[in-house]
């Protein structure tokens, strides 16, 4: 029987980057849906993915396999089940990303690369963290800087942050949002232009930003009305050609 995701289910979808499909995370199930929300496959799981913080989940394709990061664990979709690859019980594991055809994950102190379905530490992380967008990678040091990362993980083009930008509010969809302690002044880093834009839009606060997130072909992003007035470009992915294209938003 043909089934489409309901409006409520659509609001909880996480796009699989570089494809025209999305994942719906539900109570003890994951569904793969097309761009028009037609359910293609369902996966059984004994894990409840119905967290209000579903935007922290991530899904990527690496070496032809779909990997999902959620609930501090890494899973692989192997029809008809979701297979646990590894989990981190003692430390907070950040969303996964791909860079140079390798799947990576990170904790507060280490960067890990997935090899033979095992995460192996490859670099020590100090006073910062990596944020990825469409194979572009930066290293963030709150209150200090955002640096672009080269293929060998060396850093270049350092963009200086305000000392007041102490709180990391959001880092997906081609932008990184930093907030001051009062949630009244913000700095927004643009991945494509590699520049900082100032804003005083209170919706960007780290306690409110989840209310203005939307889903698109590049993953979860800020709603267009929030981005309006910000000179910003997004890397959108063409579902037909599966190639990365630069598209003006404003």
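The values are calculated or read from the model by the stated rules, or taken from the named source; none is laboratory data. The structure presented is a predicted model; accordingly, all values stated were derived computationally and were not measured. Heads up, the Cβs are rebuilt from the backbone with ideal geometry, glycines too, and the neighbour counts pull from every protein chain shown.
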Hey, among the residues in segment 134-154 that are farther than 21 Å from residue 108 by Cβ and under 18 Å from the mean Cα position of the chain (by Cα), which one's modelled with the highest pLDDT? 148
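Quick one: would you say residue 57 is at pLDDT 80 or above, on the phi < 0 side of the Ramachandran plot and surrounded by 14 or more Cβ atoms within 10 Å (Cβ to Cβ)?
So residue 57 fails the test.
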Hey, can you tell me all the residues within segment 1-14 that are in a strand (DSSP E or B) and either at pLDDT below 70 or over 18 Å from residue 65 (Cα atoms) (or both)? 4, 13
Out of (1) assigned to a strand (DSSP E or B); (2) out of contact with any helix residue (DSSP H, G or I) (no Cβ under 9 Å at 6 or more places or on another chain), the one residue 188 does not meet is (2)
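Would you check which residues across segment 192-204 are within 24 Å of residue 158 (Cα to Cα), part of a loop (DSSP other than H, G, I, E, B) and modelled with pLDDT of 80 or more and list them?
First, pick out the residues of segment 192-204 that are within 24 Å of residue 158 (Cα to Cα): 192-200, 204.
Now drop any that are not part of a loop (DSSP other than H, G, I, E, B), which leaves 192-194, 200.
Within segment 192-204, 194, 200 qualify.
Quick check on this structure: which one of 162, 182 is assigned to a loop (DSSP other than H, G, I, E, B), free of Cβ contacts under 8 Å to residues at least 40 places away in the same chain and surrounded by fewer than 15 Cβ atoms within 10 Å (Cβ to Cβ)?
Numbers: 162 fails: surrounded by fewer than 15 Cβ atoms within 10 Å (Cβ to Cβ).
Of the residues listed, the single one that is assigned to a loop (DSSP other than H, G, I, E, B), free of Cβ contacts under 8 Å to residues at least 40 places away in the same chain and surrounded by fewer than 15 Cβ atoms within 10 Å (Cβ to Cβ) is 182.
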